[in-house]
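Nothing in this text is a laboratory measurement; each read-out follows from the coordinates by a stated rule. Given the structure is predicted, the values throughout are model-derived calculations rather than measurements. A quick note on method: Cβ atoms are made from the backbone with ideal geometry, for glycine too, and the neighbour counts reach across all protein chains shown.
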Amino acid sequence: MAQILAASPTCQMRLAKPSSIASSKLWNSVVLKQKKQSSSSKVRSIKVMALQSDNSTINRVESLLNLDTKPFTDRIIAEYIWIGGSGIDLRSKSRTLEKPVEDPSELPKWNYDGSSTGQAPGEDSEVILYPQAIFRDPFRGGNNILVICDTYTPAGEPIPTNKRARAAEIFSNKKVNEEIPWFGIEQEYTLLQPNVNWPLGWPVGAYPGPQGPYYCGVGAEKSWGRDISDAHYKACLYAGINISGTNGEVMPGQWEFQVGPSVGIEAGDHVWCARYLLERITEQAGVVLTLDPKPIEGDWNGAGCHTNYSTKSMREDGGFEVIKKAILNLSLRHMEHISAYGEGNERRLTGKHETASIDQFSWGVANRGCSIRVGRDTEKKGKGYLEDRRPASNMDPYIVTSLLAETTLLWEPTLEAEALAAQKLSLKV
């Protein structure tokens with residue numbers, strides 16, 4: 001089983017030790033000649049190898065990383081973060097601000113080379129970053145900040161990979177805004193051993209025991225990567241992300257964290273910042289993070305991003321009827337949602353491993369094999385929320401949350417389509 005030294009909650013840097021004495025630059029040799037103690041003419045030489053302390057090197061770097069600059073300057077570091085050209089990769093760069101800030105409106109716009117991220121041609125490569133949300137920086141501490149940005153052309157038009165702009169339009173709609181949509185997002189992810197792209201803790205090229213003991217498991221033979229999960233949890237709390245929990249998943253080496261309940265556009269901002277922190281922590285721990293929805297083929301669970309959703313009307317008395325109407329609308333736009341719910345999701349949504357078939361919409365109470373699950377408590381109280389189990393782990397939370405709001409609050413089916421869908425799903429609406 002691979003042994004991984006995870007970053008501590010303070011996210012300290014770890015440097016590799018030299019692999020052999022052949023790393024001569026890191027060593028000083030002192031030769032001591034011992035007097036002849038026998039008739040042998042040979043002289044025994046003892047080499048005392050003194051490591052030119054790699055620990056002192058680490059300590060010097062750590063001391064610089066942990067410097068508190070507040071007594072010496074009001075200036076802070078802002079890490080601008082944005083989504084790259086694949087729609088799932090994260091990019092960031094740093095800049096100095098003259099003083100601490102509290103609101104994104106106080107931050108300057110910035111730009112970057114979009115031709116190097118797959119978001120602009122080389123002859124017109126400038127993309128503009130618009131600051132949208134601020135979080136505390138758990139890596140640098142102090143008044144330093146992380147800034148979630150979205151991306152625009154110099155003329156002020158959202159570039160194609162900017163899904164936040166459209167989501168913000170939907171959430172600013174009066175009808176949507178009045179319903180105060182809540183989201184709770186369950187982000188599953190898989191940790192991989194570097195270089196081999198094989199799950200953390202698994203024997204390379206082979207498999208551990210079958211699924212069963214790993215979900216929320218405890219013990220060295222069941223839980224691989226807990227330090228990373230815990231470090232990420234604390235980093236999120238420090239940053240101000242609305243993280244609500246975490247747990248080990250069904251497939252070993254796979255974990256989940258939950259964000260929410262968050263209102264409207266905030267849900268996407270918080271999930272993307274949480275993903276950024278996880279990328280940085282796994283970077284420092286020397287572990288590979290993947291959001292692939294089916295990282296290992298065969299009898300292993302995939303990775304999803306189940307999205308819990310409710311509106312004000314769903315949460316009030318009589319809300320179960322509103323939930324059923326929302327389910328009906330979701331059934332009629334099933335394929336539109338599927339096409340927006342993450343790349344490679346067809347490998348996960350097979351009807352096995354707690355998923356519904358990608359081609360067929362279904363719903364049920366307490367049924368994790370359905371497209372939409374309603375909890376027992378919601379059924380009993382007659383109000384609450386629904387869980388959309390279709391989104392893949394690599395989904396864009398801006399797309400998923402805004403599409404749920406649009407389909408259930410703004411989109412109206414024809415009466416004929418509604419009646420047919422209600423009959424098919426056995427829904428009395």
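Relative to the Cα centre, the charge distribution of the chain, modelled as +1 at Lys and Arg Cβ and -1 at Asp and Glu Cβ, gives a dipole magnitude of about 2360 debye.
Restricting the count to DSSP beta bridges whose residues both fall in region 172-425, what percent are antiparallel, rounded to a multiple of 5?
Bridges in region 172-425 are about 90 percent antiparallel.
For region 264-366, the list of trypsin sites (Lys or Arg not before Pro) that fall in a loop by DSSP and count at most 13 other C-beta atoms within 10 angstrom reads 352.
In a DSSP loop and with at most 15 other Cβ atoms within 10 Å, the trypsin sites (Lys or Arg not before Pro) in region 109-145 are 109. Helices in the chain that qualify as membrane-span-like (whole DSSP H runs, Cα extent of at least 24 Å along the helix axis, mean Kyte-Doolittle hydropathy of -0.5 or higher) are 266-285.
Just to be sure I follow the definition: excluding the sites themselves, where is the longest run in the chain that has none of the chymotrypsin sites (Phe, Trp or Tyr not before Pro) in a DSSP loop with at most 16 other Cβ atoms within 10 Å?
It runs 216-410.
For the chain, excluding the exposed loop sites themselves (GluC sites (Glu not before Pro), DSSP loop, at most 10 other Cβ atoms within 10 Å), the longest remaining stretch covers 103-296.
For the chain, what is the relative contact order in percent, using Cα pairs closer than 8 Å and at least 6 residues apart in sequence?
Result for the chain is 15 percent.
Tell me, what is the percent relative contact order of region 107-254, built from C-alpha pairs under 8 Å that lie six or more residues apart? After rounding, I find 18 percent. Relative contact order of region 64-161: 29 percent, from C-alpha pairs under 8 Å at least 6 residues apart in sequence.
For region 323-369 versus region 254-277, the spacing of their alpha-carbon centroids is 21 Å. Among (1) 107, 55, 43; (2) 71, 44, 36; (3) 188, 75, 41, which one is Cα extents along the principal axes in Å computed from these coordinates? Label (1) holds the value from this structure. Going Cα to Cα from residue 312, which aspartates and glutamates come in below 19 Å? Please leave out same-chain ones fewer than 8 positions away. Within the straight-line limit of under 19 Å, residue 312 reaches these aspartates and glutamates: 178, 179, 266, 321, 377, 379, 387, 388, 406, 412. When the C-alpha to C-alpha distance is required to be over 27 Å, the pairs from 93/234; 175/381; 99/174 that qualify are 99/174.
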